[in-house]
1. Taking the residues in region 616-645 that are more than 22 Å from SER710 (Cα to Cα) and small (Gly, Ala, Ser) as candidates, determine which candidate is surrounded by the most Cβ atoms within 10 Å (Cβ to Cβ).
2. Going through region 529-542 one residue at a time, which ones are buried (at least 22 other Cβ atoms within 10 Å of the Cβ) and under 21 Å from the mean Cα position of the chain (by Cα)?
3. Wholly within region 62-174, which helices (runs of 4 or more DSSP H) include no fewer than the required count, namely at least 1 residues that are farther than 30 Å from ASN635 by Cβ?
4. Sort through GLU446, GLU390 and tell me the only one that's assigned to a loop (DSSP other than H, G, I, E, B), modelled with pLDDT of 95 or more and surrounded by fewer than 22 Cβ atoms within 10 Å (Cβ to Cβ).
5. Quick one: which residue in LEU414, LEU398 is of a type in the set (A, V, I, L, M, F, W, C), under 28 Å from SER283 (Cβ atoms), assigned by TED's automatic domain parsing to the domain that holds ALA347 and over 33 Å from the mean Cα position of the chain (by Cα)?
6. Could you list all residues from region 152-202 that are at positive phi and surrounded by fewer than 24 Cβ atoms within 10 Å (Cβ to Cβ)?
7. Which one of the conditions (1) of a type in the set (A, V, I, L, M); (2) under 22 Å from GLN448 (Cα atoms); (3) in contact with a helix residue (DSSP H, G or I) (Cβ under 6 Å, 6 or more places away or on another chain) does LEU73 fail to meet, given that it meets all the rest?
Amino acid sequence: MHTFKYSAIKRASLGRKSICLLQYIHHTASKLTVLQEYCSQASPGLFPGFFCSPTSLFENRGIMDFTKEVFDLSVKSDEEAASLFQQHQIGLTVSEGRQLQEKILQRPPSLAELILFSIEGSEHCSYKSSRPYLKQFITEGEDVVLGAKEDAGVIRVARDYSGQGYCVVMSHESHNHPSQVVPYEGAATGVGGNVRDVCCMGAEVIALADDLRFGSVSSPHTKRLLEEVVSGIRGYANPIGVPSLAGGIQFDPGYQENCLVTVVGLGLLREDRIIHSYAPKDSAGFDLILVGKPTDNSGFGGASFASFELEEEKHEMNKGAVQEPNAFLGRHMIQASVDLFEKIAQADALEKVGFKDLGAGGISCASVELADTGGYGARIDIDRVHTSMEGLPAHVILCAETQERYMWVCDPSLTPMILDHYNRIYALPEVSRGACAQVIGTVTEEPQYVVHAHGEVIVDAPAREVTKGFLYHREVGRLQPAQSLQLTSEEPEDYRRMLLELLSHENIASQHGVFDTYDKQVQGRSLIEAGDSDAGVLTPFNSSDYPPEIRSVGITLTTDQNPRINAIDPALGGALAVVESVTNTLAAGAVPAAVSDCLCYGNPEKPDQMAQFAAGCSSVAETAGKLQIPVIAGNVSLYNESKQGAIPPSPMIACLGRLEHAEYALTSHFKAPGSAVYFLPCRSRPGMQGSIYSEIIGETGGELPDYDLSLIQRWGEVIRKASEQGSIAACHDLSEGGIAAAVCEMSFKNTVGCTIEADYGKRPDCFLFGEGPGFIAEIPAENAEAFLDLCRTAELSPERIGTTTEAPTICFSRLCSLPVEEAREAWYDGMERRLL
């Protein structure tokens, strides 16, 4: 088991990349040992290659290659068909299998076809339960170059004087099931897959963010998962040289058996340099080139595995469905691909290629989706695929999810250049054993997907039928409407003690022990790190490679979701997830440009859980739509459920912001004594239900948080204008812990104290600790009138609640007072102390 601790890593004399390399070697060796031990005990009837270690594959196992065998389901009962699917780990229902035979193929399917359709027809690939709901999202906009249609969204954030557009590519993915089962590899490959999604659009990868959810902070299981997941993220992101710009961690018992690992990736490209993930026009006869690591059996069945509930008794078996990462090869291939993009552009051949990463379903999904999205079919020759193991069954080669692989579709005139680029110039075979670029198929005019192996056809199906999967209109249950309730608790007797307990809570306390292990400054684009502002800030065009007129443009990135509110009211939780990601962006002085989502929910076959998804999805779509922010990327992750039950509804939202001039970006720290402290409300009342304070005192009543989208937009405009005219010194949005936590956090970095003398109302604890959207702003005395003029013009009334002070003390008048240093210590070490 991995034993590195965050504190040990921080103190280590080794460089970050050396540590990542040691961790990678350690984890890979550990996993191979586990798999070898498992395979040595497994029964001979196990599905070939599914859970085998590379060193013992097919050795004395009595395993046959069933690839060419066909299965006539018409002569089998439902029980027999279900048993067959279970035996061969086929993720189809019996009714889906019969539909495949009777309506789609109109003949008995082969094993390869059953597996292919089970992958492409899974929730992970086809969104068969969620597809109708995703149509609610507004995915277009004035600056949206490519909405949520391909591997990543593309939005324009700058134009040069000639009118040329410059874009950010945005991808948002989850890797929940793999990270729960094999946390290091699951998290690392989640980062790797996200990076490849961005890269395959023709972009340079420039930033990452990760939003994580774990179970009870006091559980040893949670501690192990957290450590392994963070090590996996760091072990991939740091070596590939991409900064971690933003992210967050929440602990909640609802994630005890289903952690969430969601990753956002950003890339950069010129608008006229987009490479699409489909076969271009008139591409019949074009080559399909597989690039990267030799195919093995790792990750076989991963997409199907991600579309079922986790069963503890199958924990060891499921490890075989998780891929093996190789960050150092990943970095090499990214650099090779970025250089190749330039060559293709210089050859004026961007319209003659398509490019796609190999994720779920491996070769099968990449090739059939490239072909079908362009309106074509494809022929694949499995015998031409480079592999790292002898004796791999053809269906495993076709569908294994081996990492660090891409697929090109290209005009045959470009094939020699692409092969030479990867194989000779970037020397893939020398960089990693067995890696190379190899032609493995052809695009066909006939829209049929045909796969050959050993001289025989193992798949022959209409390409469109393969990619569209199945569609379900699940029963949607009725949700019990959430309502505000009477408070049952009294005010705290000791506000000072309560404030310290609040600041040290694992969902409020500093997460520096995690994020300090990430590389945040690599590439030289990071202007403000997450933690110094409510959003990470980048200057993506700050080099001489870009026109001078766009070099000052900044972008921001932030993520958000509150499991406590979502558990109470999935619709309100979905709206507030969007709202808080937007208020984080506004607090940094940026204009929200786009959002992305990972919609993580339970079992869609259960009406109550389907109702949670339907309510959350609709609320996210409605809120983003009313704020006029397009949704350009995301995914849906269902079946996040175990015997313990389903996770809290979890719409994980990321927001991309834009700054006309990055120097106007705001940080969240008080700058100097003598400034006015203003509360800018975006709600009618503070919410007690679902707050951290209520969790601490065991309160279940109180008001639900609310929000006013018009106020959010208007205050956002005031903040932006104030940042541009220099009348606002700092801004912090309200989140967990409410006004009290926000004011304390603003005092910490520069040790600037404050005195809060607000009208607390009848319940000071509700005023201070209640939650809901809003902002705290520091306005220097000399700029007060300019700021208030902006407020008056917007017909807004800020509430002055205090003053910054030279004395390093945080004082809540008539309630409590404590030194900044004492509060900071509680906050800074809170999470790490709870993890000890």
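The values are calculated or read from the model by the stated rules, or taken from the named source; none is laboratory data. Remember, predicted model here, so these are calculated numbers, not experimental data. Cβ atoms come from the backbone with ideal geometry, glycine included; neighbour counts cover every protein chain shown.
1. Filtering region 616-645 for residues that are more than 22 Å from SER710 (Cα to Cα) and small (Gly, Ala, Ser), the one surrounded by the most Cβ atoms within 10 Å (Cβ to Cβ) comes out as ALA633.
2. Once the filter is applied, which keeps residues that are buried (at least 22 other Cβ atoms within 10 Å of the Cβ) and under 21 Å from the mean Cα position of the chain (by Cα), region 529-542 yields ALA530, SER533, ASP534, ALA535, GLY536, VAL537, LEU538, PRO540.
3. Fully inside region 62-174 and qualifying: 78-87.
4. GLU446
5. When all the criteria are applied, what remains is LEU414.
6. Selection gives GLY163 alone.
7. (2)
Table: residues versus (1) within 37 Å of the chain's Cα centre (by Cα); (2) assigned to a loop (DSSP other than H, G, I, E, B); (3) of a type outside the set (S, T, N, Q); (4) modelled with pLDDT of 95 or more.
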position	(1), (2), (3), (4)
THR751	yes, yes, no, yes
LYS762	no, yes, yes, no
ASP765	yes, no, yes, yes
LEU768	yes, no, yes, yes
GLU778	yes, no, yes, yes
LEU788	no, no, yes, yes
ARG792	no, no, yes, yes
THR803	no, no, no, yes
